[in-house]
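Peer 1: Supplied in structure tokens, the structure appears directly below.
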Amino acid sequence: EVQLLESGGGFIQPGGSLRLSCAASGFTFSDYAMTWVRQSPGQGLEWVSLIYSDGKHTYYSDSVRGRFTISRDDSKNTLYLQMNSLRAEDTAVYYCTKDLFCGGGSCVGAADWGQGTLVTVSS
Amino acid sequence: DIQLTQSPSFLSASVGDTVTITCRASRAIGTYLAWYQQKPGKAPKLLIYSASNFGSGVPSRFSGSGSGTEFTLTVSSLQPEDFATYYCQQGHTYPITFGQGTRLEIK
């Protein structure tokens, strides 16, 4: 059974940094692209960042590019999201997802989702 | 960025009804379209990928169709557990984008 367990969320002041982690199990982590998706309170879903299985190809939404960094450690079956220069509008539940397939600049869909971790940015 | 527009944004229906949600893309995305269901306080669940393929364990009353710029999700014979919010997502071009969501409520 695929399990994705996010951690690292919390309350942080504007301008601060947080690192989210997603511990994966139940599948061969190194074979899959992984994505972070967020959802602000009462709002819709927003794609944040994607990393291919090779760990070299990374992509970001315009709203986080230059502030957030996605990475993975296949030896630990863990996905990360380093979030710097946090803003109030980054307040959201952050979900880690396992993609069905990504390649050639396209993705098919997110097959599995974690339960999410809440990040609150406020003074 | 590719914009996805879902219609309607809100839908009221009864158990046993058949409903259809439409997702329109601002430019052609082939069949790189997925549908998700989200219930309050829960993570989204993949229903349909590649426009018409079932996610794991998805009941056959859910179906997806379309290509290019127009896609539909149909839910036949609505069950009480189907009342939720539905999102489409395009994966054709980065950044990946979602529709604004369709909230399906029980009448």
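The values are calculated or read from the model by the stated rules, or taken from the named source; none is laboratory data. The structure displayed is predicted, hence computed values, not measured ones. All Cβ positions, glycine included, derive from the backbone under ideal geometry; neighbour counts span all protein chains shown. SASA here: full protein model, heavy atoms, side chains in, ligands and nucleic acids out. Shrake-Rupley method; radii C 1.70, N 1.55, O 1.52, S 1.80 Å.
Peer 1: Please state the charge dipole magnitude for the protein assembly as shown, taken about the Cα centre, from unit charges on C-beta atoms (+1 on K and R, -1 on D and E), reported in debye and rounded to the nearest 20.
Peer 2: On the way: 17 positive and 18 negative charges, 50 e Å.
Around 240 debye, computed over the protein assembly as shown.
Peer 1: Another question about this same structure. Peptides A:23-32, A:96-105: what's the order by average Cβ count within 10 Å, highest mean first? Please list the in-between numbers first.
Peer 2: Working: A:23-32: 15.6, A:96-105: 19.0.
The densest-packed peptide leads the list: A:96-105, A:23-32.
Peer 1: Follow-up question, since we're still on this one. Considering only DSSP beta bridges with both partners in the protein assembly as shown, what is the antiparallel share in %, to the nearest 5? Please report the intermediate quantities before stating the final value.
Peer 2: On the way: 71 of 79 bridges.
So the antiparallel bridges amount to about 90 percent of the total.
Peer 1: Right, here's the next one. What average count of beta carbons from other chains do you get within 10 Å of the Cβ of residues in B:27-34?
Peer 2: Values: counts 0, 0, 1, 1, 1, 4, 2, 6.
Mean shielding count: 2.
Peer 1: Report Rg (one decimal) and Dmax (nearest whole number) for chain B, counting Cα atoms only, units Å.
Peer 2: 12.8, 38
Peer 1: Give me the summed buried accessible area for the B-A pair, 1.4 Å probe, to the nearest 100 Å². List each step's numbers first, then the result.
Peer 2: Details: alone 5520 and 6170 Å², together 9990 Å².
Using a 1.4 Å probe, the pair buries roughly 1700 Å².
Peer 1: Rounded to the nearest 0.05, what FRET efficiency do residue A:2 and residue A:58 give with R0 = 22 Å and r taken as the Cβ-Cβ distance? Could you check? Kindly include the intermediate steps, with their values, before the conclusion.
Peer 2: On the way: r = 22 Å, r/R0 = 1.01.
It comes to 0.50.
Peer 1: According to a simple spin-label model (label point 7 Å from Cα along Cα-to-Cβ), what is the distance in nm between residue B:100 and residue B:81?
Peer 2: Between residue B:81 and residue B:100, the label points sit 3.1 nm apart.
Peer 1: Peptide A:42-55: average number of partner chain Cβ atoms within 10 Å per residue? Let's see the in-between values first.
Peer 2: Details: counts 0, 2, 8, 11, 4, 8, 2, 2, 4, 0, 0, 0, 0, 0.
Mean number of neighbouring Cβ atoms from other chains: 3.
Peer 1: Let me ask something else. Given R₀ = 41 Å, FRET efficiency for residue B:26-residue A:118 by Cβ-Cβ distance, to 0.05? Can you show the working numbers first?
Peer 2: Details: r = 31 Å, r/R0 = 0.76.
Efficiency computed from Cβ-Cβ geometry: 0.85.
Peer 1: Kirkwood Rh over Cα pairs of the protein assembly as shown into Stokes-Einstein at 37 °C, 0.692 mPa s: D in µm²/s? Write down the numbers at each step before the final one.
Peer 2: Details: Rh = 17.8 Å.
The estimated diffusion coefficient comes to 184 µm²/s.
Peer 1: Students often forget the sequence filter, so: which aspartates and glutamates lie under 17 Å Cα-Cα from residue A:76 once same-chain residues fewer than 8 apart are removed?
Peer 2: The qualifying aspartates and glutamates are A:6, A:31, A:54.
Peer 1: To continue, here is another question. Working only with C-alpha atoms, what are the Rg and Dmax values of chain A, expressed in angstrom?
Peer 2: Both quantities, over Cα of chain A: 13.5, 42 Å.
Peer 1: What lysines could a cross-link reach from residue B:107, if we take a straight Cα to Cα line under 30 Å and drop same-chain neighbours fewer than 8 places away?
Peer 2: Qualifying lysines at Cα under 30 Å: B:39, B:42, B:45.
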